[in-house]
Every structure is written in structure tokens, then in C-alpha cells.
1. Per 5 Å bin from zero, what fraction in whole % of the C-alpha pairs of region 1-137 is there, up to the bin with the longest pair?
2. Give the long-range amide H neighbours of Ala405: residues separated by 5 or more places, or on another chain, with amide H under 5 Å away, using H modelled in the peptide plane at 1.01 Å from N.
3. If amide hydrogens are placed 1.01 Å from N in the peptide plane, which non-local residues have theirs closer than 5 Å to the one on Thr140?
4. Using R₀ = 45 Å, calculate the FRET efficiency as 1/(1 + (r/R₀)^6) where r is the Cβ-Cβ separation of Ser419 and Lys235; round to 0.05.
5. From the helices alone, meaning DSSP H stretches of at least four residues, give me the mean residue ellipticity at 222 nm for the chain, per-run term -39500 (n - 2.57), in deg cm²/dmol to the nearest 500.
6. Students often forget the sequence filter, so: which lysines lie under 16 Å Cα-Cα from Lys229 once same-chain residues fewer than 8 apart are removed?
7. Could you tell me how far the Cα centroid of region 376-451 sits from the Cα centroid of region 157-191, in Å?
8. Which semi-axes, in whole Å and largest first, does the equivalent ellipsoid of region 376-503 have when worked out from the alpha carbon gyration tensor as the square roots of 5 times its eigenvalues?
Amino acid sequence: MVSMMDKEILEGLSYNEKRLLLAMDAAGGVSTPEELIGKGAFTLEVEVMGSASWLSTKGLMQIDEEQSIFYVLADEEVAKTGLAERRAIEIIDKAGGRMDMSALADAMPNGEDKIAVGWLKRKGLADIVKDGDSKILTLTDLGKATLSKRMPDEEVIDELAKGPVAKGRFDEKIIKDLKGRQGMVAEDIRVKRTLRITDLGKEAIASGIELKEEVAQVTDNLIQSGKWKDVDFRKYDVQTFAPAFYPAKKHPLSRLGAEVRKLYTDMGFTEFDGEYVEPAFWDLDVLFVPQDHPARELQDTFYLSNPKKFDLSSYEDLVQMVKKIHENGGDTGSTGWGGKWSREMAEQAMLRTHTTVNTITYISKHPEAPAKVFSLSRIFRKESIDATHLPEFTQIEGIVIDENANFDMLISLIKEFYSKMGFDQIRIRPAYFPYTEPSLEFEVFFNGKWMELGGAGIFRPEVVAPFGVKCPVLAWGFGFERLAMLKWNIKDIRDLYISDIDDLKKNPTF
Ligand code: PHE
């Protein structure tokens, strides 16, 4: 009689579990996965073991595991080249049974002679006698006899070269020596599993198991042929254990970069980029950054020693114009910064400190309105590395050159970008940049606090006048990594670049 509980178990059995129970019954109640596969009942060990472990949790099967140690030849090379002392006795024999140790060193490269001599002595295959400054190796009687017969450790190597051998067959001392010889021989621990049907399992089999084909996937053929009436459908259990599967994917920063690019191009922008190395002239002077501005100081900017400076004479007119703008405003209506503008300072080669340098070189080549361009590129500042700073980071920068452009448009563009990125709360406050007027900084509300993201403004006439730009140029630049931190709630900027492969694989946000 099958109890109520057993009936429940019986009905819950999957097709494979039933199949395994029947195959085990046919095998007399005890079997191994290998035997079952050998008999053709199953094709894969995982298939057997998957069903077996389910049956075991249901109390119908018992799985016994027994570990056994096998020895394997880890150094396959030695099977071909032979042991160093074998090669040494052959070399010494060819030399007449006697040989200078330095001559053996010449005959055996890579310091193998030292290994050989150690074992020649230890195995008593050769004697070493001092002769003045040199040492002479002479084959012993055992050494000579060994020329025509295999040594016990060589026999072990020969055996293992054919395949793994279970522990117990060889002298453990020989194995220990071979393991010590840079791991020539290694252990392979194998688990032998035996499956046994329990009393409950026997009861279940006795009560009759109906093996009905189980279908995991519905096909049109199954429906059309009417075959669906005769089959069982496999129950879908989302809680079933399954091996983790990690498909290939792009680095999160690459994906976010692609998202930013898509957003801008959707808004009608085109991408541009420029050089990492620029003269201070373009990174700072053209942008009307005064020559005594703190951004010029060594602690903020990476100045280069090779190239140390740039020759600006190929655009001498512009250099003269910028000099005047700095000293007295030139024709721009500004009074400039006053003082003397230094050409040497402007010639200095440096790593760009902002992508605004590329914006202005872009404008110098394409001053025409209307234009909407953006860049997403790396910049460099002499920052000490900490949780929120890196000396290399990425800026998202954009400009709009348009007759109708104005401050409201600038704010709504920034707001639109961030809201598309998923941040709805943005706060604007007045700021200062030497190249824009008005200037603003914006912050995003995240995790209960306001975080600064970047700056923006409308380029001053001192900046755009040399290129003949008459209409307003809206410009903004903000941190790409900051955006990533906000998006994924990352507290430490360094985590973005450490690229812990395990975290990248398993962290669902990445
Ligand atoms: N260049 C500024 C920075 O690096 C950002 C900015 C760009 C500000 C354009 C105004 C206009 O912080």
C-alpha cells in the first residue's frame, strides 16, 4: 500500500526521475552513473546526478560518495625527454664514462646539469672526484648497469604517461620524489558515486511508475498533430537549481557611454573629439583664462617635457588677437585682464584639463551657426586619487551655436539630458568660469543630497570674437564618472575602473 504522502511524491516525479528509478530498478537497485550511461539509460552524468539528487531529497534514493586519489603525469615533457640523470649518464658514457663537470654543464643547458648531478649522487649513479680546480664525474657500476635498464621512477613515469593510475599501485616514496621534482607527478582526486534505491524508492517502483513522455517546449507540430493530448508537460519551476550562466557583455562604462551618445544624437547633436596634448594657448588662453589663474598652476595641470612647447606661429594672427584680448580686450568691448600676456606660458605643452579645449578648436574650424555638437572624452588633472577624484576622467561636453539660443534654452537642454538619464530633480546655481557669462553650475538630487555635476554658460565675446562668431554659443561640461556613480549608486569612483571581473559578471546592475 502506498501512503498518501507517497502518492504525492509519486505524482511529483519528473520524467527523468521516473526514468532513473526504472533504470535503477533494472540494475538491481544499486548502480553508478557510469554504469547507467554505459547501458544507454542516460547520456550525460549531469543528467543522472540531477535526477538522483532530486530523488535523494525526496527520500527515494541514496547517493554515496567515495573519494579516491589518482596520480597523473603533470609534466608531460618528461615522458619525452627523460629524467635529467638519465640524459647525464648517457652523455658521460659517450665521453668514455668520465667527464668534467663543466663539460656536462655545456652539454646540458638551462642549469639541468645541476639537477642531474644532484640525482646522480643521490642515486649512486656517479662519483665526483676533485682533480685540481675541476670536478670529475665517473659512472659507478650501478650507473653503468643503469644504461641498459629502466630505473623504478622511470617505470612509474612510463606507466603514468599512458594515463592516470589509482593510488596504491606505486611505491609512495617514488611518488613523493617525483612530486617534489617540480610537480612532475600530481594528484587527481576523483569522486566515485554510487546510487542506491531506498525502501521508499522501492515502494514507489512497486506501486507502478507510468513513464509518459514529458514535453518541455510546445511546438506547432505538437499542437497540429494532436499529440499534445498524450504527453505530459514538464512543470516549470523557477526555483530549481540551475548553473549560473554569464553571457558576454560590454563594460558598464562602455554601455553608459553608448547611452549618452545615443541621447545626444537623438537630440540632433553630432560628436566631435580632439587631441589629448595641446598648448596652453588652446586649453586656457583662447578660453580667456587669465595667465595668473590657479588652473595654470603645476598642481592642477600636467605640463609635458616632451614636447615641452608648441610653435604657435602658424596662426600668428590669432595669437596676436588673443594677446590683445588678454591685455586690453582688443576689439571685443572688454577691458581684458590687463598686464602683460606671456607667449611662453601659452606655448607650454600640456594634457588637456577639459574638453572645452576641443570645443573651442572645433568652433575655430566651424564657426557657422546653427550647430549642435558634443564630445565624450578623457581629460587630465593633477588630482590625488581618492573616493571621488581621479587624475584621468571623462567629460561630457556640448555646445549649441544658434541665433535664437539663450540662457533658458541652456537650462532646459541640461534638464532634458538628465531627465532622460533618469534624474528629475536638478538645481541650478550661479557660478564663475572665465570663458562664460552668465555661468552656472548644476546639481542633481541623489540619495538624499545634492551632488554637483558640472558647469555651463554662454561663451563670452572675448572667447568667440576671434572666430567671427556673432550668435550665442551655449556650452556645458560635466563629469561622466559622476553620472555613472549616481546611476549605479557607487560610492567610490575607483570601483568603476578596477574592473573586478567577478563583480562585473555577477553584479546585476553592471
Ligand atoms: N570646462 C568646465 C569644467 O571643466 C565646464 C564648462 C564647460 C563650463 C563649458 C562652462 C562651459 O569644469
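Every number here is computed from the coordinates shown, using simple stated rules; none is lab data. Note that this is a predicted model, so its numbers are computed, not measured. Neighbour counts are summed over all protein chains in view; Cβ atoms, including those assigned to glycine, are modelled from backbone coordinates with ideal geometry.
1. Whole-percent P(r) values from 0 Å outward: 2, 8, 13, 13, 8, 5, 4, 3, 3, 5, 6, 8, 7, 6, 4, 2, 2, 1, 0, 0.
2. Correct list: empty.
3. Ala126, Asp127
4. 0.50
5. Working: 22 runs with 192 residues, N = 510.
Using -39500 (n - 2.57) per qualifying helix, the result is -10500 deg cm²/dmol.
6. Lys212
7. 65 Å
8. So the three semi-axes of region 376-503 are 29, 17, 12 Å.
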